[in-house]
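Read through the structure below, which is laid out as structure tokens, and then see the notes.
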Amino acid sequence: MRKLRMGMVGGGPGAFIGEVHRKASRLDGRIELVAGAFDIDPEKSRQMGKELGLNPSRIYNDFKEMIAKESALPADQRVDFVSVTTPNNWHFPISKAFLEAGFNVMCEKPMTMSLAEALELKAIVKKSGKTFGLMHNYTGYPLVKLARDMVKQGDLGEIRKVVVCYPQGWLARPIEKQGQKQASWRTDPKQSGAAGAIGDIGTHSENLAEFITGLKITEICADLTAFIEGRPLDDDGNCLLKFNNGAKGVLHCSQISINEENGLSIWVYGSEAGLEWHQEHPNQLLFKPLDAPVQIWSRGNGYVAQKSPAAARCSRLPSGHPEAFLEAFANNYVNFADTILAKEQGVTPNELFNDFPQVEEGIRGMAFIETAVKSAKSTEKWTAYPEV
Ligand code: NAD
């Protein structure tokens, strides 16, 4: 087992998610950051690389220089993969360029700026033969994998209803007008895409609902609002959903729900039982059988491992010692890394290794955003998903 060499684009001084990727990727000692183009400003990229203690020759002005210079290095020195942690508008061009140059890619969500780009990226991934991961981190939580495996094993019966929400309150004031870094690009359609909250956090809810239930959303009735005057993208979204088995759903997300932090929560109801999971209390999953008391399934226990080997593989600590956000990112990184290493050794990655979000989830995310935006503008009650 060798360490994978990681490069990063984005994650400069003061950036949010790049640092989360750096911490999470090194949690299991399988990945080492060796190169990067960390900021849109080359000076700040250099400053970041220095702070991280990188070899100055591996700190780049931009991603194009990074591809050219990394490609020129001997195979046993150049980066094995790159993590794309820039604002949304850069995900597609940077992922495309690295894949076409023969590098594996881990990309932040939403995957692209449009469904058309997402479909193009799928073809590029296939042609490259490289591994592409999409950082839908919430499906990296062990008990989310347990929930999925309970549904798969039929413990809930036929799924009838899904309620999923992601309320936040940090955009309740126009902080983008004061230049707040994360708010500025998220409220700008040129950098964020066609949607605000529905793209930024609605996609996490959509991804969580489809991941746990194994169902596909087929139609949406969406109501999107920008409560802050002059904000060009939605900061609140309320959607009704139809799924491909006839199940119904409610999805809401908001960035103006004051004093909500990262309240991603899901309730799934089947014909035999329900389940409930909250991101802010991720080490417990509630299982609610018909005519019986509610059960609390707690991460790290043998009974979880028995039900879900995928959940067991993604737990590091004994039960009662909380694991959370960083570990969920790390779980996607571990499976991504093991898939790359298996392929390198000519072995087909097994189901547990392959258990991380990929290009298909990115396509579903872009279909969700485009359909929700279309529905919000429509006077029809339901808007159908495109065939993807
Ligand atoms: P941020 O504004 O904090 O950081 C973005 C960084 O990218 C900055 O350092 C910026 O200079 C750099 N950058 C921009 N364009 C670049 C380019 N062309 N080359 C190199 N660097 C460039 O943003 P953030 O909040 O960290 O979000 C970044 C991405 O991560 C977004 O796509 C967002 O949707 C996603 N995100 C995901 C999660 C999650 O839970 N999975 C959470 C937060 C953000």
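Nearest 0.05, what FRET efficiency do Glu32 and Thr379 give at R0 = 51 Å with Cβ-Cβ as r? It comes to 0.40.
Could you tell me which of the pairs Lys177/Lys242; Lys44/Lys96; Lys177/Lys377 are separated by over 28 angstrom between their Cα atoms in the structure shown? Mind showing how you got there, number by number?
Working: Lys177/Lys242 37 Å; Lys44/Lys96 24 Å; Lys177/Lys377 26 Å.
Too far apart for the 28 Å limit: Lys177/Lys242.
Place a label point 7 angstrom from the Cα of Asn244 along the Cα-to-Cβ direction, then list the residues of the stretch 352-382 whose backbone nitrogen is under 18 Å away. Of the residues in the stretch 352-382, 357-372 have backbone N under 18 Å from the label point off Asn244.
How much of the accessible area of the stretch 4-135, probe 1.4 Å, is carbon plus sulfur, in whole percent? It is 54 percent, rounded to a whole number.
If the viscosity is 1.567 mPa s and the temperature 4 °C, what translational diffusion coefficient in µm²/s does Stokes-Einstein give for the chain when Rh comes from Kirkwood over Cα pairs?
Numbers: Rh = 21.4 Å.
Roughly 60 µm²/s, to the nearest whole number.
On the stretch 179-230, 51 percent of the accessible area sits on carbon and sulfur atoms, based on a 1.4 Å probe. Beta bridges from DSSP with both residues in the chain: antiparallel share about 60 percent, rounded to the nearest 5.
Per residue, how many Å² of accessible area does the chain show with a 1.4 Å probe? Walk me through the numbers on the way to the answer.
Numbers: 16410 Å² over 388 residues.
Accessible surface, normalised per residue, equals 42 Å².
Only DSSP H runs of four or more residues enter the estimate; each adds -39500 (n - 2.57), and after division by the residues of the chain the mean residue ellipticity at 222 nm equals -10000 deg cm²/dmol. Here the stretch 333-388 exposes an accessible surface that is 50 percent carbon and sulfur, computed with a 1.4 Å probe and the other protein chains kept in place.
Here the spin labels are modelled as points 7 Å beyond Cα on the Cα-Cβ line, and at His278 and Ser71 they lie 5.0 nm apart.
Taking 23 Å as the straight-line reach from the Cα of Lys3, the lysines in range (excluding those fewer than 8 positions away in the same chain) are Lys23, Lys50, Lys69, Lys130, Lys343. The stretch 4-135 has equivalent-ellipsoid semi-axes of 21, 16, 14 Å, by the square roots of 5 times the alpha carbon gyration tensor eigenvalues, sorted largest first. Note that the stretch 242-388, at 10 °C in a medium of 1.306 mPa s, gets a Stokes-Einstein diffusion coefficient of 85 µm²/s from its Kirkwood radius over C-alpha pairs.
Run through the stretch 14-101 and list the chymotrypsin sites (Phe, Trp or Tyr not before Pro) located in a DSSP loop whose Cβ has at most 15 other Cβ atoms within 10 Å. Provide the component values of the computation, followed by the final result.
On the way: sites: Phe16, Phe38, Tyr60, Phe63, Phe81, Trp90, Phe98; in loops: Phe16, Phe38, Tyr60.
Counting only loop positions with at most 15 other Cβ atoms within 10 Å, the chymotrypsin sites (Phe, Trp or Tyr not before Pro) in the stretch 14-101 are Phe16.
For the stretch 209-221, putting each phi into the Karplus relation 6.51 cos²θ - 1.76 cosθ + 1.60 with θ = phi - 60° gives couplings of 5, 6, 5, 5, 7, x, 9, 10, 6, 10, 9, 9, 10 Hz, in residue order, rounded to whole numbers and with x for Gly and Pro.
The values are calculated or read from the model by the stated rules, or taken from the named source; none is laboratory data. Please read these numbers as outputs of a predicted model, since none were measured by experiment. In this analysis, Cβ positions are derived from the backbone assuming ideal geometry, glycine residues included, and neighbour counts consider all displayed protein chains. For accessibility, only protein heavy atoms count, side chains too; no ligands or nucleic acids. Shrake-Rupley method; radii C 1.70, N 1.55, O 1.52, S 1.80 Å.
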